[in-house]
1. Restricting things to Cα coordinates, could you compute the convex hull volume per residue of the stretch 1-159 in Å³?
2. What net charge is computed for the residues neighbouring ALA237, neighbours being all others with C-beta under 12 Å from the C-beta of ALA237, Lys and Arg scored +1, Asp and Glu -1?
3. Which residue fluctuates the most in the chain, going by a Gaussian network model with Cα springs under 10 Å, if the choices are ARG142, ARG199, ARG214?
4. Of ALA50, MET33, ALA16, whose Cα points farthest to the positive end of the dipole of the stretch 1-56 (charges on the beta-carbon: +1 Lys, Arg; -1 Asp, Glu; origin at the Cα centre)?
5. Size of the dipole of the stretch 64-197 about the Cα centre, Lys and Arg at +1 and Asp and Glu at -1 on the beta carbon, nothing else charged, in debye to 20?
6. Taking the chain as a Gaussian network, where each spring joins two C-alpha atoms under 10 Å apart, which residue of ASP40, ASP90, ASP135 fluctuates the most?
7. As an exercise, take the mean of 1/r over every pair of distinct alpha carbons in the stretch 214-297, invert it, and state the Kirkwood radius in angstroms.
8. Running Debye on the stretch 73-231 with equal point scatterers at the Cα sites and no solvent, what base-10 log of I(q)/I(0) appears at q = 0.09, 0.10, 0.11, 0.12 Å⁻¹?
Amino acid sequence: MLRDALLWASTNPTLAHKLPRYRFVKRATKRFMPGEELGDALEEAEKLAALDIASAITQLGENLNSLNEADGVLDHYLGALQEIEGRGLDTEISVKPTQLGLDFGADEAGRRLAALCAATESLVWVDMEGSAYVDATLDIFRRVKEEHGNVGLCLQSYLYRTPDDLEALLDLEPAIRLVKGAYAEPASIAFPRKPDVDRSFVQLAHTLLRARSRGRVGRPVFGTHDPQMIGEANRIAHELGLDKGRYEFGMLFGIQSAEQRRLARAGHAVRVQVSYGSAWFPWYMRRLAERPANLWFVAKQLVG
Ligand code: FDA
């Protein structure tokens, strides 16, 4: 119930306008993002690098009102890529198709995604948003992948369709980041119960790792903080004879930080995604929905 309420709040424009004005809400976001500026995220990337943890950065923001805004996002990321190169960081970018203009057509988003891929040798990750965008996101991913090898895609285990989508993508030898999925989706298209989402995650992990062992997946990344999923991925990889360097774990800044360090110390490839930007409200609500106990942290900021 609380999860549903928080996911509803994540899409409510009035709340998105009003809540971020409260200082205690803003203070509470510190739990999940080091700051609103690119520089804040890159400073965190430097700290992570010192712990042998790679990073990915993402500027928060979702649906846009105009293509000028999409051009602004493109310019921002082009500048970020230069800054990353200048600092010599192993930091990738992760972008939302709607931020690149997907609501104005797949061509618009695809063109900007291609421009980002052309500007860097490192991988450009495409986030997966709500289910209404999956077909168009797969479409732009395929198109851009034909021209640029350095594009990766996020897939969500809660969607019934994902095993078929993954199977259809394997011919492209794609880099795939597997996650459970963070949006409010109806039971007609997504598993409503966590055990089913987890089971699907493990099955997809198996497909990805098997494909990796046959050279059909460029980079399998498991984007999860769930110790059980991490354990299963390691177990399957071990069974298939894949060593630690051939798959990765992705986690979010501020969540399970001790586990991030433990995995890195154990020789696993770990990449932490660091978010920044002023349009953090919907994203922040989704983080609260993933673990409603986080609301206590918000409440503490109110009194603290
Ligand atoms: P689960 O939610 O089952 O949590 C397992 C444990 O992890 C919890 O018991 C708790 O200890 C900890 N935990 C998880 N979330 C927490 C939180 N918010 N606060 C505190 N503790 C928490 N989704 C999507 O739809 N599209 C996308 O593109 C991406 N991209 C993405 C990239 C990366 C690198 C990650 C790690 C995640 C995403 N996600 C995403 C989000 C993803 O779909 C999912 O909502 C979250 O990762 C939470 O699911 P877990 O697998 O962590 O497990």
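Read the figures in this text as sums done on the coordinates, not as results from a lab. Just so it is clear, the model here is predicted, and its values are computed rather than measured. Backbone-built Cβ (ideal geometry, glycine too); neighbour counts: all protein chains shown.
1. Here the figure is 142 Å³ per residue.
2. +1
3. The residue with the greatest mean-square fluctuation here is ARG214.
4. The one lying farthest along the dipole's positive direction is ALA16.
5. In debye, rounded to 20, the stretch 64-197 gives about 420.
6. Residue with maximal mean-square fluctuation among ASP40, ASP90, ASP135: ASP135.
7. Details: mean 1/r = 0.0694 Å⁻¹.
Mean inverse Cα-Cα distance, inverted, gives 14.4 Å.
8. These q points yield log10 I(q)/I(0) values of -0.29, -0.36, -0.44, -0.52.
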